[in-house]
Amino acid sequence: MAQFAKNVYTDAATIEKIETWIRELPQSARVEVTLADGSSHVGTVAARPMIQVFKNVDGDEGSNAVVRLEDPMDSHNDAFLWLDEIVRIDRVLPGPLDPGASRSA
């Protein structure tokens, strides 16, 4: 089964930018991701994304990648984000309600 993406890329500069974002999204990292449309998403990286080949609506093949950010409070609220739409990634410390947060006695 073919995988489809709104945007696919074949130029080296854009693929390198996607690969840069991949390096900033290691598995289990808690991050805030800001997208080109101004929206932001906070969550835990489920698995380091991998660049893959997709087809766009015109049938052209090219590369892109997607990351799943898990919401520790609601698994039905996970975000799936295309890496070509990212403009910023910030590391975030776990909050007091996060399952992985350290707690003092």
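Consider Asp84 carefully, then state whether it is closer than 20 Å to Ala13 by Cα, at pLDDT 95 or above and of a type outside the set (Gly, Ala, Ser). Show your work before the answer.
Values: closer than 20 Å to Ala13 by Cα: yes; at pLDDT 95 or above: yes; of a type outside the set (Gly, Ala, Ser): yes.
When the stated conditions are applied, Asp84 passes them.
Which one is farthest from the chain's Cα centre (by Cα), of the residues in segment 57-89 that are surrounded by 14 or more Cβ atoms within 10 Å (Cβ to Cβ) and among the acidic types (Asp, Glu)? Steps first, please.
Within segment 57-89, the first condition is being surrounded by 14 or more Cβ atoms within 10 Å (Cβ to Cβ), and the residues that meet it are 62-72, 78-79, 81-86, 89.
Applying the additional criterion that residues be among the acidic types (Asp, Glu) yields 70-71, 78, 84-85.
Numbers: Glu70: 10, Asp71: 13, Asp78: 11, Asp84: 9, Glu85: 9 Å.
Out of the qualifying residues, it is Asp71.
Read through the list (1) touching a Ser or Thr at 6+ places or on another chain (Cβ under 9 Å); (2) over 19 Å from Ala79 (Cβ atoms); (3) of a type in the set (Lys, Arg), then give the number of the only condition that Arg30 fails.
Of the numbered conditions (1) touching a Ser or Thr at 6+ places or on another chain (Cβ under 9 Å); (2) over 19 Å from Ala79 (Cβ atoms); (3) of a type in the set (Lys, Arg), the odd one out for Arg30 is (2).
Do we find that Pro96 is surrounded by 15 or more Cβ atoms within 10 Å (Cβ to Cβ), farther than 24 Å from Thr10 by Cβ and at pLDDT below 95 in this structure? I'd like the intermediate steps shown before the answer.
Working: surrounded by 15 or more Cβ atoms within 10 Å (Cβ to Cβ): no; farther than 24 Å from Thr10 by Cβ: yes; at pLDDT below 95: yes.
Spelling it out, it is not the case that Pro96 is surrounded by 15 or more Cβ atoms within 10 Å (Cβ to Cβ), farther than 24 Å from Thr10 by Cβ and at pLDDT below 95.
If the requirement is being at pLDDT 95 or above and polar (S, T, N, Q), which of these qualifies: Ser63, Ser102?
Working: Ser102 fails: at pLDDT 95 or above.
Unique residue meeting the criteria: Ser63.
Residues to consider are Ala46, Ala29; find the one that is more than 19 Å from Lys17 (Cβ to Cβ), of a type outside the set (Phe, Trp, Tyr) and surrounded by 12 or more Cβ atoms within 10 Å (Cβ to Cβ).
Values: Ala29 fails: more than 19 Å from Lys17 (Cβ to Cβ).
Ala46 is the lone residue from the list that is more than 19 Å from Lys17 (Cβ to Cβ), of a type outside the set (Phe, Trp, Tyr) and surrounded by 12 or more Cβ atoms within 10 Å (Cβ to Cβ).
Failed condition for Thr14, given (1) surrounded by 12 or more Cβ atoms within 10 Å (Cβ to Cβ); (2) without any contact (Cβ under 8 Å) to a residue 60 or more places away in the chain; (3) over 18 Å from Ala79 (Cα atoms), with all others met?
Result: Thr14 passes all but (2).
Take segment 33-43 and flag every residue that is surrounded by fewer than 18 Cβ atoms within 10 Å (Cβ to Cβ), among the small types (Gly, Ala, Ser) and under 15 Å from Asn77 (Cβ atoms).
Within segment 33-43, Ser39, Ser40 qualify.
Residues of segment 18-39 being touching a residue at least 60 places away in the same chain (Cβ under 8 Å) and either in a helix (DSSP H, G or I) or over 15 Å from the mean Cα position of the chain (by Cα) (or both), which ones?
Correct list: Ile18, Trp21, Ile22.
Of these, Val53, Val42, which one is over 25 Å from Thr10 (Cα atoms), hydrophobic (A, V, I, L, M, F, W, C) and not in a loop (DSSP other than H, G, I, E, B)?
On the way: Val53 fails: over 25 Å from Thr10 (Cα atoms).
Just one listed residue meets the conditions, Val42.
The values are calculated or read from the model by the stated rules, or taken from the named source; none is laboratory data. Every value quoted in this text rests on a predicted model; they were computed, and no experiment measured them. So basically every Cβ, Gly included, is an ideal-geometry build from the backbone, and we count neighbours across all protein chains shown.
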